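Everything below concerns the one structure shown next.
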Amino acid sequence: MNQNLLYRLVVPCLALSVSLSAGCSAFGSAAPGAEFGATTGGVKDLSSARDLVANGQVPPPSALLVEAAFAEHDLPLDGTSCSRTLCLRSALGVAPDLDGKQVGWIQLGMSSNIDPATYRRPPLHVILTVDVSGSMGWNASKMDSGSGYVTPGRLAYLLASRIASMCNAGDRVSLVTYGSSVTTVFAGFGGDDPAILDAISDLSTNGSTNMEAGLRRAYEIARQERRSVEQTRIFLFSDEQPNVGATSATEFQQIVGGGAAEGIGITIFGLGLGHSNELVEQLSHLRGANSFSLSKTPDVDNLMQDSWPWMASPLAYDLKVQVTPASGFSVIQGYGFPGSSGAAPALDVSTVFLSRRKGALLVQLGGAETTLSGIGASSKLSYLDLSGAPLSDNLNSAYGGQPLDARNMYFQQPSVGKTVALALLMSNLRRAAELYASDHAGAVTLMEKVVQRISSDAQGFADSTFDRDVKLASDVLELMKQDAPQGDLYGR
């Protein structure tokens, strides 16, 4: 295998805690210990998988993503303070894989001196682009059963209203709806105009889903209004079941990619049990794009608390991480790199956004030696800041033969152990879901090992945030033992 693997990250959000150079007026400098973070990947959580399990269905492989599990956890790496837009951090570990083979692990992250308390986003043109097709259930959008599942229209109403309420007089807001036809409800209103919330409240169902036409109209407005504010972002709300106009990811990519080349960002909200991870991923793996999935009313508050306003403002572009293993070792696999498959992820172009959480990327290392002493790697980070200036950072990680614990493990920092546990959980849960389609008994056998490992890991961490990961694995195992049907991401 090539010993000098270049991970070109096709992701809208990367594992980082970010730092800006002095003099950038949009951000405050950090107080001691204050750091921003970010999480990996197109799909930001495992809500689709959990919703299917709650409905008695084994999730499909496409619902079980390592990067989604990483994004649900805070996985910080300690290190020296950073004085740039992004600085690299890494920490190493040694631990068995699911089959008990001892391997090396390197977690990658980035550091920051931005103070979350003083962060100020740039003035923004918010273009709310809302699916009002029949599947969204807009005619029932005012109905709410508490914390249970509601229509995608209800989720869109709540979320669009929250985003609009966070805008101010320095912002601009436009509203586009698409169903059987496309309507520009209004364009370029001041962010504090009360008519915005009234218009959102008045939305109702209008036929089929012509997402292509709705997006094209949104980009037209973005181009017309872009000089009036510093940044422009389309917020697309849909249950992701387009059935009129362009319905393939490739056609949507062309539309979104064209806007990205002009500096127009997009945030995609996949709403309800019917949304498609595949389409969300395809659309969000473009410059200036990110995506989130929501299925219940509490998801709206959680999203806004965790991700507003930093989900609206990119921080850096074209981020690349180059990992060169120490002599005699090789990269076995990368985890948390959206779109990658197999042992050598090869990804393209990313945009970095801020987040409250610090996410992770993970590289698994192995070699022909009988001992892992000396295993390690050198890592290089390169990217473009918002002005287009290229920047880079380098560091090395190595295992010096430190003693292993009672579980035959060693981690330089606690987050490495947690990141390894999540990677093994999700990659093997996905393998089991793939196997389940043709070999129920084999899938059950694999899932028994998965549940045993994540339960042991969670007990070792004494971290309650892993409780729902243990529950997800345990619930999937029980469904497989019952020969439950395997669902898809359309809730069928």
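The values are calculated or read from the model by the stated rules, or taken from the named source; none is laboratory data. Computed from a predicted structure; not experimentally measured. Because the Cβ atoms are built from the backbone with ideal geometry, glycine has one as well, and the counts that use them run over all protein chains shown. Accessible surface is based on the protein model in full, side chains and every heavy atom, while ligands, DNA and RNA are left aside. Shrake-Rupley method; radii C 1.70, N 1.55, O 1.52, S 1.80 Å.
Structure values in brief
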| quantity | calculated |
| --- | --- |
| Nearest-0.05 FRET efficiency for T80 and S373, computed from C-beta distance (R0 22 Å) | 0.30 |
| Under 5 Å, built H, 5+ apart or other chain: amide partners of G288 | T351 |
| Prolate/oblate/rounded call for the stretch 146-243, Cα gyration tensor, a/c under 1.5 rounded | oblate |
| Cross-link partners of K481 among aspartates and glutamates (Cα-Cα below 20 Å; sequence separation of 8 or more within a chain) | D51, E434, D439, E448, D469 |
| Placed amide H near Q413: partners under 5 Å, 5+ positions off or other chain | L92 |
| Label-point gap, in nm, between N302 and D439 - each point 7 angstrom along Cα→Cβ | 3.4 |
| Karplus 3J(HN,Hα) series, Hz, for the stretch 376-392 with 6.51 cos²θ - 1.76 cosθ + 1.60 (x for Gly, Pro) | x, 6, 9, 10, 10, 10, 9, 6, 10, 7, 5, 7, x, 6, x, 9, 8 |
| Percent accessible area from carbon and sulfur atoms, the stretch 367-460, protein chains only, probe 1.4 Å | 51 |
| Cross-link table K418/K471; K296/K471; K380/K449, entries beyond 24 Å C-alpha to C-alpha | K380/K449 |
| Full-stretch length increase - K449, S464 - with 0.36 nm per residue and alpha-carbon distance subtracted | 3.3 nm |
| Candidate aspartates and glutamates for bridging to K358, where Cα separation is under 13 Å - those fewer than 8 sequence places away on the same chain excluded | E35, E67, E72, D74, D78, D306 |
